[in-house]
Amino acid sequence: MADELDFGTGDAGASATFPMQCSALRKNGFVVLKGRPCKIVEMSTSKTGKHGHAKVRMVGIDIFTGKKYEDICPSTHNMDVPNIKRCDFQLIGIQDGYLSLLQDSGEVREDLRLPDGELGREIEQKYDCGEEILVLMGRYGAVMGHCGVVMGWLWGLWALWGGYGALWGGYGALWGGYGALWGGYGALWGGYGVLWGGYGAL
Amino acid sequence: MMAAAAAAGGAPEVIAQLENAAKVLMAPPSMVNNEQRQHAEHIFLSFRKSKSPFAVCKHILETSKVDYVLFQAATAIMEAVVREWILLEKTSIESLRTFLLTYVLQRPNLQKYVREQILLAVAVIVKRGSLDKSIDCKSIFHEVSQLISSGNPTVVHRKIREDTDMAQDSLQCLAQLASLHGPVFPDEGSQVDYLAHFIEGLLNTINGIEIEDSEAVGISSIISNLITVFPRNILTAIPNELFSSFVNCLAHLTCSFGRSAALEEVLDKDDMVYMEAYDKLLESWLTLVQDDKHFHKGFFTQHAVQVFNSYIQCHLAAPDGTRNLTANGVASREEEEISELQEDDRDQFCDQLASVGMLGRIAAEHCIPLLTSLLEDRVTRLHGQLQRHQQQLLASPASGTIDNKVLDDLYEDIHWLILVTGYLLANDTQGETPLIPPEVMEYSIKHSAEVDINTTLQILGSPGEKASSIPGYNRTDSVIRLLSAILRVSEVESRAIRANLTHLLSPQMGKDIVWFLKRWAKTYLLVDEKLYDQISLPFSTAFGADTEGSQWIVGYLLEKVISNLAVWSSEQDLANDTVQLLVTLVERRERANLVIQCENWWNLAKQFARRSPPLHYLSSSVQRTLMKALVLGGFAHMDTETKQQYWTEVLQPLQQRFLNVINQENFQQICQEEEVKQEITATLEALCGIAEATQIDNVAILFNFLMDFLNNCIGLMEVYKNTPETVNLIIEVFVEVAHKQICYLGEAKAMNLYEACLTLLQVYSKNNLGRQRIDVTAEEDQYQDLLLIMELLTNLLSKEFIDFSDTDEVFRGHEPGQATNRSVSAADVVLYGVNLVLPLMSQDLLKFPSLCNQYYKLITFICEIFPEKIPQLPEDLFKSLMYSLELGMSSMSSDVCQLCLEAVIPLAEQCAKAQETDSTLFLATRHFLKMVFDMLVLQKHNTEMTTPACEAFYTLVCLHQAEYSELVETLLSTQQDPVIYQRLADAFNKLTASSTPPTLDRKQKMAFLKSLEEFMANVGGLLCVK
């Protein structure tokens, strides 16, 4: 799957990466390590000798392959940070190892493969049980069709998820009348129960 | 079973059995099976629990040749003595002690571990004896005196010191004797005699020998015990000459141990015995010189000079010092990797530095000029060295390799000189305003007549010039000159940065500089004359209020801060120290008034609001503190228009940027984009910083400002529910606001905050319902959200303990008063929160110390504050709360156990008040009675737990008197030995005699607690017999 990735061409002209001083990187943030887009899971600093300058050691997990990468560099250096986008889709079908995904726009995408391994099996199983599933997808720089990778899943009551988009679509508008919305909070959200899993994937 | 066999006649069999068991235990694993091993262990365990094993143990010690059996016999004696203390005749205890002591002295070839165990038994006997009021103190005293004089233990020590191990043990014994105090001494005179005798013997021993490595710690413990335990008037009552020799010896030993400690560091030894000994002696000096009542002024000056010089010498490079020199004068230098976890020297050696700084003050006449000249010399050399490097770089830019040895040596010298100067000139303080140390003040005043103020100001105000190039430089105030020497170091650093030599500089030195400046500014800058009887004229002229000097320094420090934040953003610790200096400059109104007059300050504020480089490269904690400083500065004195302008520059951009982001129509779609997330994260971090800036006089403004955000943050919880790090940060904002502000909020405002927190909890709860945390190997920070929620609840509860509010008094004038109709209370929020958190806490999670401690802190708070709400909890919740308490008392750390015991008290009192004997809480407390009873009477427990356990016990006894009697009856009925039965029954009767029937009356309670203490000492161990 990694071979399909094309980091060079960003969509809508967005560059695939931007530079950031090493010391400004954060745990849970993203960074390119050994050419791979990674989520930073560990960061520590050290120095050589009491009067030496700080060096940063980073451990990152490739967001697509889950492989671990490690790097150490002077904390004044600039590192590349990948432009990451995350999308949620509603899973409406699985066919020949490919997923049918309903986008926010109402269009259906069918070009994404069911992931290998544990994650794929889980998605399939949940789907077969008739549970409603949301799929998380990560995108890194390039055109989505080429590098979109299913990264996790959510499931819950479809009816509630249906209401989800509507409510948050109007988020900006509601914000002003926040107090009013809040008053009706219980009514709107009462009994809302989204169950979570696959949380560790991203 | 062993008890029966222990009758003297059966001794040989017992010895044979034990020796066989020892053989099994010592055998290689292949020779014996598990069962045999367990059986052997069991034999020793029950042997140690056997009743009155003294005769058989003595026999074993005298006849057995198996070391392990000897060891076990010593252990059995030690345990039995404590257990059966009240059953034993005093004379037999004494003969036992003599037996053990003589036994050790007569057998120099004993195995180390056997000898240690026997001496431990002796120590335990002596200690237990000193607790016992029934024993004649005089006799102990006489015996020890005799030991000291006739069988003089220091003489004994000299005899036995050929054997290193034995020497250590005897030193340990001596250290114990050095701390002898209390009712042992019949009167003051005998205490003086004892001390004089002891010191004489000690000095004879030390002076006659060359101290071995293994003796250093022992000797320093003896000295430190003597100095800490004996009252000053006793110490000064010994003959003058003897006391002088003692202090001389102490000074000599301190310097010598200091040098040996430095050697240990060079050799990188694992076991730093001299360092430990040096620490102890330096601490003793601190105790000694802090007393100004019993010693005349200047008494310790010469010694202080000696110790101070030797400390400096050990920390400077050759030729002035001996740092990194091995014993034969060879320099060693290693570039090792240092991790971020390694403590900074200023923390690792803070005790040493505090002592040395104190000694430096005592000998200010010598030490302040010494530090100045050493620093000035290093500044000149550093400047020259950097210049040479620059020329070299200009001449051949490509020549990469520069030997940094000379620079590193200079940096290390300056590092230690700055640390010592910092500790000499100012004290560590927490919260309160630090005062200029009186010795330093007096020193400056004493010389102020000879000082030329203008030259002094010139020295201070020209850090770019060599001090000695200023005419009349020797007629300047020495304290100010020492400060200006450090400003000169700082100036060389700044110039090197401007010359693009940053890569050659030491971030460590940069840290030292701002650390010092912060410490100095806290104490000296805009010195408040009201706090002192007299004030030095040079000080008040140079750093007093309304002086050019202070305005200049503030400007200089601010420039340093801004430069550091730009240049050193990649050095987190340095940036952190720098921003702490900035906070110091603005946290007091008087200083802030000067700061905001600097144009630089406004530039900094604007730059930060723009979130542009270099400031946004700083780590999040530094950015947070920077925000805090910028907010604090905003409360300086300004005219209304300026103030308006300031807030428009600092706070409004934050609000505007935030609203712009979240009000975008497609926010929901773009919220996960890195740029958007960063903007949100930066805002949340800034909010934490704003909350941290809360003070009583700005809480009204800051609370109102933050409340708007808090409501928006709840919306964000929804948007970022899949992004744990953002959720955590949102909760953290609430935690900080509650932490810093709740204590100032009046009823109405507090309710606003409670409501916001409740809503936050509801959203959190909804998003977490049924959520599975599937990662079994999850680490502690995966549960950060839980920890934060518990912290939030604890902070909300803290209002019940600390409350400075005066029904929204601080808000008066900020808005029209509004009628309060109390809809949400702290109890509601907290109990809702507990409902939420409790089911998420599992026993596995309690294995993480931070979660465990926070959890128990929270539930204890709740029991203490809302005991009446506990019985009303839903059944499941109630059960798990009670189970948590039980768990905490039985199988957690002693801190947690203590918290649980404290939680039980109000619960029992609540039951007593409610008088419902069928409530579930009533039944639960009955169970706790049994637990606490067992804990106190039947189990070994930590002594620090005794007090809370006793208090809980009494309250529970009051509540369940019948059950208590039952417990006692049951216990007595299991005693077959009539002697023990009687002793126990008497003890129990005595225990409750003063408080029958027990009631929750304070006086009765105190009486009970007192008898309980005695009870514990007498029968506590008795019941551990099997």
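Things to note:
- Restricting the stretch B:110-138 to residues that are part of a loop (DSSP other than H, G, I, E, B) and at pLDDT 80 or above leaves a set whose member that is surrounded by the most Cβ atoms within 10 Å (Cβ to Cβ) is B:Leu110.
- Within the option set B:Phe667, B:Phe635, being over 30 Å from B:Leu585 (Cα atoms) and either of a type in the set (Phe, Trp, Tyr) or in contact with a Ser or Thr (Cβ under 8 Å, 6 or more places away or on another chain) (or both) holds for one residue only, B:Phe667.
- Here the condition is being within 21 Å of B:Asn728 (Cβ to Cβ) and facing another protein chain (nearest Cβ under 10 Å); of B:Glu673, B:Glu679, B:Glu692, B:Glu685, it holds for B:Glu673 alone.
- Matching residues in the stretch B:609-625 - criterion: being of a type in the set (A, V, I, L, M), in a helix (DSSP H, G or I) and within 14 Å of chain A (Cβ to nearest Cβ): B:Leu615, B:Val622
- Residue list for the stretch B:24-63, filter: without any contact (Cβ under 8 Å) to a residue 12 or more places away in the chain and not acidic (Asp, Glu): B:Ala27, B:Pro28, B:Pro29, B:Ser30, B:Met31, B:Val32, B:Asn33, B:Asn34, B:Gln38, B:His42, B:Leu45
- Helices (runs of 4 or more DSSP H) completely within the stretch B:199-284 that count 1 or more residues being modelled with pLDDT of 90 or more and of a type in the set (S, T, N, Q): B:216-229, B:240-267
- Residues of the stretch B:61-106 that are within 40 Å of the chain's Cα centre (by Cα) and hydroxyl-bearing (Ser, Thr, Tyr): B:Tyr68, B:Thr75.
- Among the residues of the stretch B:850-903, the one identified as small (Gly, Ala, Ser) and outside any helix (DSSP H, G or I) is B:Ser893.
- Filter result for B:Ala700 (hydrophobic (A, V, I, L, M, F, W, C) and modelled with pLDDT of 90 or more): no
- Residues being under 30 Å from B:Ala364 (Cα atoms) and either at pLDDT 95 or above or not acidic (Asp, Glu) (or both) are represented in the stretch B:324-335 by at least one member.
- Pairs where the first residue, in the stretch B:705-718, is facing chain A (nearest Cβ under 10 Å) and the second is of a type in the set (Val, Ile, Thr) and in a helix (DSSP H, G or I), C-beta under 7 Å, 6+ apart: B:Asn712/B:Ile662; B:Ile714/B:Thr759; B:Ile714/B:Val763; B:Glu718/B:Val763
- Filter pass, B:Gln668 being free of Cβ contacts under 8 Å to residues at least 60 places away in the same chain, surrounded by fewer than 18 Cβ atoms within 10 Å (Cβ to Cβ) and either on the phi < 0 side of the Ramachandran plot or more than 12 Å from chain A (Cβ to nearest Cβ) (or both): no
- Top-ranked residue of the stretch B:761-801 - restricted to ones that are closer than 18 Å to B:Cys852 by Cβ and at pLDDT below 70, ranked as farthest from the other protein chains (Cβ to nearest Cβ): B:Glu780
- Qualifying residue in the stretch B:462-477 (condition: assigned to a loop (DSSP other than H, G, I, E, B), surrounded by fewer than 22 Cβ atoms within 10 Å (Cβ to Cβ), more than 14 Å from every other protein chain (Cβ to nearest Cβ) and basic (Lys, Arg)): yes
- When B:Trp568 is tested against (1) more than 26 Å from B:Met509 (Cα to Cα); (2) of a type in the set (Phe, Trp, Tyr); (3) surrounded by 18 or more Cβ atoms within 10 Å (Cβ to Cβ), exactly one condition is not met: (1).
- Assessment of the stretch B:314-322 against the conditions (away from every other protein chain (no Cβ under 14 Å) and part of a helix (DSSP H, G or I)) yields at least one matching residue.
- Residue ID - surrounded by the fewest Cβ atoms within 10 Å (Cβ to Cβ), chosen from residues in the stretch B:718-753 that are among the aromatic types (Phe, Trp, Tyr) and under 28 Å from B:Cys671 (Cβ atoms): B:Tyr720
- Residue check for A:Pro74: at pLDDT 85 or above and more than 9 Å from every other protein chain (Cβ to nearest Cβ): no
- Any chance B:Leu531 is crowded, with 18+ Cβ neighbours inside 10 Å and either modelled with pLDDT under 95 or closer than 22 Å to B:Leu630 by Cβ (or both): no
- Condition met for B:Tyr443 (over 27 Å from the mean Cα position of the chain (by Cα), within 14 Å of another protein chain (Cβ to nearest Cβ), crowded, with 20+ Cβ neighbours inside 10 Å and at pLDDT 95 or above): no
- Listed by first and then second residue, the pairs linking a residue in the stretch B:402-421 that is more than 9 Å from chain A (Cβ to nearest Cβ) and in contact (Cβ under 8 Å) with a residue 24 or more places away in the chain to a residue that is surrounded by fewer than 19 Cβ atoms within 10 Å (Cβ to Cβ) and among the acidic types (Asp, Glu), with Cβ atoms under 7 Å apart and 6 or more places separating them unless they lie on different chains, are B:Leu419/B:Asp345.
- Selected residue (criterion: farthest from B:Ser570 (Cα to Cα)) from residues of the stretch A:28-42 that are basic (Lys, Arg) and either within 8 Å of another protein chain (Cβ to nearest Cβ) or not in a loop (DSSP other than H, G, I, E, B) (or both): A:Arg36
- Hits in the stretch A:37-62 - residues which are closer than 21 Å to B:Glu673 by Cα and crowded, with 21+ Cβ neighbours inside 10 Å: A:Pro37, A:Cys38, A:Gly60
- Scanning the stretch A:43-71 for residues that are within 13 Å of chain B (Cβ to nearest Cβ) and part of a loop (DSSP other than H, G, I, E, B) turns up A:Gly49, A:Lys50, A:His51, A:Gly52, A:His53, A:Ile63.
- Looking only at residues in the stretch B:490-517 that are within 30 Å of B:Leu537 (Cβ to Cβ) and within 14 Å of chain A (Cβ to nearest Cβ), the one that is surrounded by the most Cβ atoms within 10 Å (Cβ to Cβ) is B:Asp512.
The values are calculated or read from the model by the stated rules, or taken from the named source; none is laboratory data. Only a predicted model underlies this, so the values are computations on that prediction, with no experimental measurement involved. Positions of Cβ are generated from backbone atoms using ideal geometry, with glycine treated the same way; all protein chains shown enter the neighbour counts.
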